[in-house]
Amino acid sequence: MPVIDVQHDIDALTLTITADFAAPVQRIWQIYADPRQLEKIWGPPTFPATVVDHDFTSGGRTNYFMTGPAGERYAGYWQTIAVDEPRSFTFDDGFADLDFNPDPGMPTSRNVYTFTEHDGGTRATYVSTFASAADLQKVLEMGVVEGASSALNQIDTLVGR
């Protein structure tokens, strides 16, 4: 299992997930840069993602939706802030309606994903920062830890191909 640690800090408004992958940094980077690969790992196995648009540049936007077991769709977006290939990228992640308009009633998080060489593979650190403790608590109650962990655990299968 790639996910080795999950911490949430209500005072700091953060959720941090650390994972180790048996693949080089550049290979892990490619998963996030390529929308077809990103689809294979962004949603948990029971809610696979479909990436509709993926502008993985500073100022770019990614629109996606996840499809649940009964065919229900949940849309979201990334607003990319900074890209430092292949080391890190920063983006705002939010919920959206099915036309990809941001849903102001749902939390948005600022995310920093960092990839470093570690024991011949990659250590990935995923830090999400929320605007309020209530926003962090809401996504925790929605199952973000379980969903994100199961999504990230799909990376080993993808890089093993």
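The values are calculated or read from the model by the stated rules, or taken from the named source; none is laboratory data. What you see is a predicted model, and the numbers here were worked out from it, not measured in a lab. No Cβ is skipped: glycine too gets one built from the backbone with ideal geometry, and neighbour counts run over all protein chains shown. All accessible areas refer to the heavy atoms of the entire protein, side chains included, with ligands and DNA or RNA removed. Shrake-Rupley method; radii C 1.70, N 1.55, O 1.52, S 1.80 Å.
Tabulated results
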| item | result |
| --- | --- |
| Restricting segment 37-53 to residues that are surrounded by 19 or more Cβ atoms within 10 Å (Cβ to Cβ) and without any contact (Cβ under 8 Å) to a residue 40 or more places away in the chain, the residue that is farthest from S88 (Cα to Cα) | A49 |
| Condition broken by H8, with the remaining ones in (1) surrounded by fewer than 17 Cβ atoms within 10 Å (Cβ to Cβ); (2) in a strand (DSSP E or B); (3) in contact (Cβ under 8 Å) with a residue 12 or more places away in the chain; (4) more than 15 Å from the chain's Cα centre (by Cα) satisfied | (1) |
| Qualifying positions in segment 86-103 - assigned to a strand (DSSP E or B) and not β-branched (V, I, T) | S88, F89, F91, D92, D93, G94, F95, A96, P102 |
| Residue tally, condition over 21 Å from D119 (Cβ atoms) and surrounded by fewer than 18 Cβ atoms within 10 Å (Cβ to Cβ), over segment 23-36 | 3 |
| Condition broken by D20, with the remaining ones in (1) open to solvent by 60 Å² or more (accessible area, probe 1.4 Å); (2) in contact with a Lys or Arg (Cβ under 6 Å, 6 or more places away or on another chain) satisfied | (1) |
| Some residue of segment 84-95 being open to solvent by 60 Å² or more (accessible area, probe 1.4 Å), over 24 Å from D156 (Cα atoms) and without any contact (Cβ under 8 Å) to a residue 24 or more places away in the chain | yes |
| F56, sole failed condition from (1) assigned to a strand (DSSP E or B); (2) buried (at least 17 other Cβ atoms within 10 Å of the Cβ); (3) not small (G, A, S) | (1) |
| Residue selected from segment 117-133 under the condition more than 15 Å from V3 (Cα to Cα) and either at pLDDT 95 or above or part of a strand (DSSP E or B) (or both), by the criterion most open to solvent (accessible area, probe 1.4 Å) | E117 |
| Residues of segment 136-149 satisfying the condition of being open to solvent by less than 40 Å² (accessible area, probe 1.4 Å) and either under 24 Å from A22 (Cβ atoms) or touching a residue at least 60 places away in the same chain (Cβ under 8 Å) (or both) | L136, V139, L140, V145, G147, A148, S149 |
| Conditions (1) touching a strand residue (DSSP E or B) at 6+ places or on another chain (Cβ under 6 Å); (2) closer than 18 Å to I41 by Cα; number of the one not met by V83 | (2) |
| Tally, over segment 13-51, of residues that are in a helix (DSSP H, G or I) and over 13 Å from I155 (Cβ atoms) | 4 |
